[in-house]
Amino acid sequence: MAATRPAALLPLLTRAKSADAGRTTSDRDLLQRFARDKDEAAFAALVQRHGPMVLGACRRVLGNSADAEDACQATFVVLARKARLGRWQASVASWLYATARQIALNARTARARRARHEGRATTRPATNPLAQISGEELLAILDEELARLPGRYRAAVVLCCLEGLTRDEAARQLGVPAATLKGQLERGRRRLHDALARRGVALGAGLLAVLATSRAGASPPHLVDAIRSAAAGNVPPAVAALAEGVAVNGVVKKTLLGVLAIAAAAIIGFGLGEPRTTTAGPEPEKAMPAKGGDKKESPAGKSDKSDKDRTITGKVLDPNGKPAAGVEIIHLPVDGSTAVVAKTADDGTFRVTVPLKDGRGAHLFPRAAGFASSEYLMPATNTPAEITFKLIKDTPIRGRLIDTQGKPVAGASVVVRHLSGYGDTMDKFLSDWQKRPSDGHAPESKWFVSFRSWDNRKPANAGEMFAAVTDKDGRFEIAHVGSERLANLHVRGPGIAEAGFEIVLRAGFDPTPYNRETLERLKSPYAVIGYNPMLYPPDTAIVAEAEKPIRGVVKETATGKPRAGITVALSEPRNHRMPRLFATTDADGRYEIHGAKKGNEYELSVKRDPAIGMMGRTVKLRDTPAYEPIIADIGVAKGIVLTGRFFDDQTGDPVHGYVCVGVLSDNE
């Protein structure tokens, strides 16, 4: 690492740190500023943000530091060229990882080809920084399996495991609710773990990720400077060859150096001309299908670029493709408070302004009797300034909630947590469902939309979208959910255990053969880590189990003083699909958790409180007979406070990072 930064680079890095402070600006916004406004600092912020991860991915493939730096430069050159193309996700980390790995693999192949041509042995260079690590092959396997993860899972793993972001930070970067990110991360890590296990790798995915990032740090200043120069058009021949190697997608290739030189001559600074080739690697993935997504965003300065609101215009079409008049446009925040924000005109058009501040997770879509929307878009993250919705036939969920005695459960909250789409028909989903292993996962959906998270404690109210309250006979109805989709239904009510149910939105659906096979799979000892729920038709009766109350007192172990205002969380240790339940202690430290399902064991946790130096605590509980309450008093203790500083050992500059505390298994 260079001892000092080039003087010309200091202003750029200063602006980059300002632009990237706290990662409050999404990658997509930085790319737009770079492509639209020729903002050098925006691109530099992306390099500072993702450079260590990209360099690490290249180094693990290539070994040689010089080759890895060339591949890292080529990755960001390709990003610069592609900045104006397509619709980017809020975070480009997953795309950068996949592109960097592909470029590095291409470079390794070319290096081996040259070695064979020159009659040399293809041994790794002596400078390989991983040569001292016996797990080098394990890291290669990790990268292979990580690259094979579906995009939404890979993005969560890359941000949290390779870049060291917290879940909240990663959720903000991806523009999704924290609960959604948590689920994506858990599924990604589980898939990674299963894939590694199938290849005979005993180390857990988490440890491999730590090994993979053990040398990650701030990108060397000379590399940042080289990337800046290359993105502006001064591309070294070796880097140009690497970048050009992934810029082939069915069109005539042009020499990257020539294209970038022409672009650099036509504009000032970092702004690049519209490239005429596309990049290899995964395209930015869509959270939901958006037919209006190919249209240009509205000019800067209009209200849809504001931090407070966005103006969206569009059209609603009926199932025959004709304009639909008088259709309500719904804005649905994550708390379920439905708002009609517009109605379509005679020609099916609408114009609506929706708030963006604190609007993460809010959805926009049309509502009409007997129909559902083809799309559910999020104005704060992935809604273009102009959009076309299409109405599709609705298959409402009509059900009855009863207890184990056959009595109706009145006043229960029934909510559609999320919908999964599989195209025009669910035939492939149902076929894949029957083929899945006991410890397998749900068949992949084409899109997924989450309306509420497990952690949202607000019960449903009458009149809310995708929600209902059972009447005196336990009956409920939820409309506008669509057809040939899978709906996850969450039930909560007095005296019953909270639970989720999978509803196949197909009229006349018979779940009997599918559930019979699921019951066979549940006999496997690995079934608990798989995806093995019962399937239900849209017209159904749901049996709710009785709840298992859990109550107790939270006290300081040293003084016996009760702790007020403490959140106690319950989770079932071996079943990640069960909802987490919460209770808050009163002035006497007492809490009571309702809605728990009866099981063999339970796990209660109290988060640490850094403000007063109080450590967190996790307590595992055994079941009690029948449905007798479980009494669980929790003692919490004060711990030491560790403070410190990350800095570059050569320049003394602060370095972004994170610190983990590991608790040994025998620590009571």
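The values are calculated or read from the model by the stated rules, or taken from the named source; none is laboratory data. All values derive from a computational prediction rather than experimental measurement. Quick reminder, even Gly has a Cβ in these numbers, built from the backbone with ideal geometry, and neighbours come from all protein chains shown. Accessible surface areas use protein heavy atoms only, side chains included; no ligands, DNA or RNA. Shrake-Rupley method; radii C 1.70, N 1.55, O 1.52, S 1.80 Å.
Residue check: Lys620 meets all listed conditions (1) touching a Phe, Trp or Tyr at 6+ places or on another chain (Cβ under 8 Å); (2) more than 25 Å from Arg190 (Cα to Cα) but one, namely (2).
Would you confirm whether any residue within region 424-432 is at pLDDT 90 or above, open to solvent by 50 Å² or more (accessible area, probe 1.4 Å), within 30 Å of Asp194 (Cα to Cα) and in a helix (DSSP H, G or I)? Checked region 424-432: at least one residue is at pLDDT 90 or above, open to solvent by 50 Å² or more (accessible area, probe 1.4 Å), within 30 Å of Asp194 (Cα to Cα) and in a helix (DSSP H, G or I).
Go through region 582-614 residue by residue and tally those that are in a strand (DSSP E or B) and small (Gly, Ala, Ser). So the count comes out to 2.
Every test in (1) at pLDDT below 65; (2) open to solvent by 20 Å² or more (accessible area, probe 1.4 Å); (3) not hydrophobic (A, V, I, L, M, F, W, C) is passed by His117 save one, and that test is (1). Contact map, region 315-341: residues that are under 19 Å from Gly370 (Cβ atoms) paired with residues that are assigned to a loop (DSSP other than H, G, I, E, B) and open to solvent by 50 Å² or more (accessible area, probe 1.4 Å), Cβ distance under 8 Å, separation 6+ or inter-chain. Pairs shown: Pro323/Asp346; Pro323/Asp347; Ala325/Asp346; Ala325/Asp347; Thr338/Gly463.
The set of residues in region 330-353 that are within 23 Å of Val416 (Cα to Cα) and under 27 Å from the mean Cα position of the chain (by Cα) comprises Ile330, His331, Leu332, Pro333, Val334, Asp335, Gly336, Ser337, Thr338, Ala339.
Once region 512-567 is narrowed to residues that are open to solvent by 60 Å² or more (accessible area, probe 1.4 Å) and of a type in the set (Val, Ile, Thr), the residue that is farthest from Ala583 (Cα to Cα) is Thr512. Among residues that are more than 26 Å from the chain's Cα centre (by Cα), part of a helix (DSSP H, G or I) and surrounded by fewer than 17 Cβ atoms within 10 Å (Cβ to Cβ), Pro494 is not included.
Checking the conditions here, which among Arg580, Arg551, Arg617, Arg608 is farther than 23 Å from Cys660 by Cβ and basic (Lys, Arg)?
Being farther than 23 Å from Cys660 by Cβ and basic (Lys, Arg) holds for just one of Arg580, Arg551, Arg617, Arg608, which is Arg551.
Among residues of region 533-557 that are under 30 Å from Gly639 (Cβ atoms), those with a Cβ under 8 angstrom from a residue that is crowded, with 19+ Cβ neighbours inside 10 Å and of a type in the set (D, E, K, R), sequence gap 6+ or separate chain, pair up as Val554/Arg563; Lys555/Arg563; Glu556/Arg563. Every test in (1) over 14 Å from Val449 (Cα atoms); (2) in contact with a helix residue (DSSP H, G or I) (Cβ under 8 Å, 6 or more places away or on another chain); (3) open to solvent by less than 10 Å² (accessible area, probe 1.4 Å) is passed by Glu375 save one, and that test is (1). If the condition is being surrounded by fewer than 23 Cβ atoms within 10 Å (Cβ to Cβ), over 15 Å from Ala497 (Cα atoms) and among the β-branched types (Val, Ile, Thr), then region 384-413 contributes Ile387, Thr388, Ile392. In a residue-by-residue description of region 120-137, the property of being within 30 Å of Met378 (Cα to Cα) and either of a type in the set (A, V, I, L, M) or modelled with pLDDT under 80 (or both) applies to no position.
Conditions (1) at pLDDT below 85; (2) surrounded by fewer than 23 Cβ atoms within 10 Å (Cβ to Cβ); (3) in contact with a strand residue (DSSP E or B) (Cβ under 6 Å, 6 or more places away or on another chain), marked per residue:
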{"position": "Ala57", "(1), (2), (3)": "no, no, no"}
{"position": "Leu62", "(1), (2), (3)": "yes, no, no"}
{"position": "Ser65", "(1), (2), (3)": "yes, yes, no"}
{"position": "Gln73", "(1), (2), (3)": "no, no, no"}
{"position": "Phe76", "(1), (2), (3)": "no, no, no"}
{"position": "Leu79", "(1), (2), (3)": "no, no, no"}
{"position": "Tyr97", "(1), (2), (3)": "no, no, no"}
{"position": "Arg101", "(1), (2), (3)": "no, yes, no"}
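Only residues that are assigned to a strand (DSSP E or B), touching a Pro at 6+ places or on another chain (Cβ under 8 Å) and either of a type outside the set (Lys, Arg) or at pLDDT below 90 (or both) were counted across region 502-555, and they come to 8.
When region 620-646 is filtered for residues that are over 16 Å from Val661 (Cα atoms), in a strand (DSSP E or B), touching an Asp or Glu at 6+ places or on another chain (Cβ under 9 Å) and open to solvent by 90 Å² or more (accessible area, probe 1.4 Å), the ones remaining, listed by number, are Lys620, Arg622.
Note on region 593-612: residues that are under 25 Å from Pro625 (Cα atoms), surrounded by 14 or more Cβ atoms within 10 Å (Cβ to Cβ) and not small (Gly, Ala, Ser) amount to 7.
Of the conditions (1) modelled with pLDDT of 75 or more; (2) crowded, with 16+ Cβ neighbours inside 10 Å; (3) of a type in the set (A, V, I, L, M, F, W, C), Ala110 fails just one. Which one is it? It is condition (2) that Ala110 fails. Within the span defined as region 579-597, every residue fails to be closer than 30 Å to Ala45 by Cβ and of a type in the set (D, E, K, R).
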